[in-house]
1. Pairs needed: first member in region B:48-61, more than 10 Å from chain A (Cβ to nearest Cβ); second member anywhere, outside any helix (DSSP H, G or I) and charged (D, E, K, R); C-beta distance under 7 Å; at least 6 residues apart or different chains.
2. Residues that are under 24 Å from B:V9 (Cα atoms) and surrounded by 18 or more Cβ atoms within 10 Å (Cβ to Cβ): does region A:90-98 have at least one?
3. Would you say B:T88 is of a type in the set (V, I, T) and at pLDDT below 85?
4. Cβ-Cβ below 6 Å, separation at least six or inter-chain, first residue in region A:10-37 and modelled with pLDDT under 85, second polar (S, T, N, Q) and surrounded by 14 or more Cβ atoms within 10 Å (Cβ to Cβ): which pairs?
5. For region B:65-104, give me the residue count where each residue is more than 25 Å from A:A137 (Cβ to Cβ) and basic (K, R).
6. Tell me, which residue of region A:129-150 that is within 7 Å of chain B (Cβ to nearest Cβ), closer than 19 Å to B:S85 by Cα and modelled with pLDDT of 55 or more is surrounded by the fewest Cβ atoms within 10 Å (Cβ to Cβ)?
7. Output the number of the condition that A:A21 fails; it satisfies all remaining conditions of (1) buried (at least 18 other Cβ atoms within 10 Å of the Cβ); (2) part of a helix (DSSP H, G or I); (3) in contact with a Gly (Cβ under 8 Å, 6 or more places away or on another chain).
8. For region A:30-44, which positions are hydroxyl-bearing (S, T, Y) and loosely packed, with under 11 Cβ neighbours inside 10 Å?
Amino acid sequence: MFSYGSLALFLAAGFIFGTIAEKKHLKELREKENLLKSIILSTSKKHSFVQQSLHSTLVTGHVVVALDYFKRFVASLVNLVGGRVFSFESLIDRARREAIIRMKEDAHRNGFDSIINVRIETSNIGGSAGKKGGMGAIEVMAYGTAIKHS
Amino acid sequence: MILTNLESVPGKSITTHFGLVSGSTIRAKHIGRDLMAGFKNILGGELKGYTELLNESRQEAVKRMKEQARSLGANAIINVRFSTSSITQGAAELYVYGTAVSVS
């Protein structure tokens, strides 16, 4: 009886706090993206103004996120029938956007105006979510070369 | 020391190649952070403690790589790559590598 009760409690806590946190985070992401939109990102190594630019440096941005209990529960249900795991998609998407924003902030602080050769890496650091003792924590890292026009 | 993940340093030309340089560090999380993370595991969201920990560790790895490059007499590292692997439960290896060069 107790285990069903705590399961319901965890699910409710995960759903309520997870949803609030997600809404807040999305709002923050939109605001920050708007602020930093002057910084141009490119995944290619060559850029028309690379030759003229004198200053360049490596910039990075990282974030570690965890799944909430509700999302993990939904994912385990989807796992039975297959298909898109919506609950994970939104989380990883938010993590990527956050990592890119942090990388842009790093460039912005030092006066750089564009970042080329951007690479994004995702790695699982806490073990698989499904396994016993697994955290389902995901690290997203974005890095690139920031350049200045001068 | 200029770091870039391009194959050259923009606006400068490479004069000497010194070969591969790398730095790595393995970090385990301490128990307080683990407890907090366990709690976050129910509520979801960013694990700030881990973000910080990995950030510090990565800077340490970069520092080691830079030291190695400096001892070779290089003044830039090009083509920098990062990699993260979880070795055991609770410990992560952060590895960074690149090519040490001298630019002018």
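1. Correct list of pairs: B:S57/B:R27.
2. First pass over region A:90-98, keeping only residues under 24 Å from B:V9 (Cα atoms): none.
For region A:90-98, residues under 24 Å from B:V9 (Cα atoms) and surrounded by 18 or more Cβ atoms within 10 Å (Cβ to Cβ): absent.
3. On the way: of a type in the set (V, I, T): yes; at pLDDT below 85: yes.
Considered against the rule, which asks whether it is of a type in the set (V, I, T) and at pLDDT below 85, B:T88 comes out as yes.
4. Sorted first by the residue in region A:10-37, then by its partner, the list stays empty.
5. Matching residues across region B:65-104 total 2.
6. The initial filter retains those residues of region A:129-150 that are within 7 Å of chain B (Cβ to nearest Cβ), namely A:133, A:135, A:137, A:139, A:141, A:143-145, A:147.
Filter again for closer than 19 Å to B:S85 by Cα, leaving A:133, A:135, A:137, A:139, A:141, A:143.
From what is left, the residues that are modelled with pLDDT of 55 or more are A:135, A:137, A:139, A:141, A:143.
Numbers: A:M135: 24, A:A137: 21, A:E139: 24, A:M141: 26, A:Y143: 26.
This residue is A:A137.
7. Status for A:A21: all satisfied but (1).
8. Result: A:S38, A:S44.
The values are calculated or read from the model by the stated rules, or taken from the named source; none is laboratory data. Predicted model only: the values in this text are computed from it and were never measured. Note: ideal-geometry Cβ built from the backbone for every residue, glycine included; neighbour counts use all protein chains shown.
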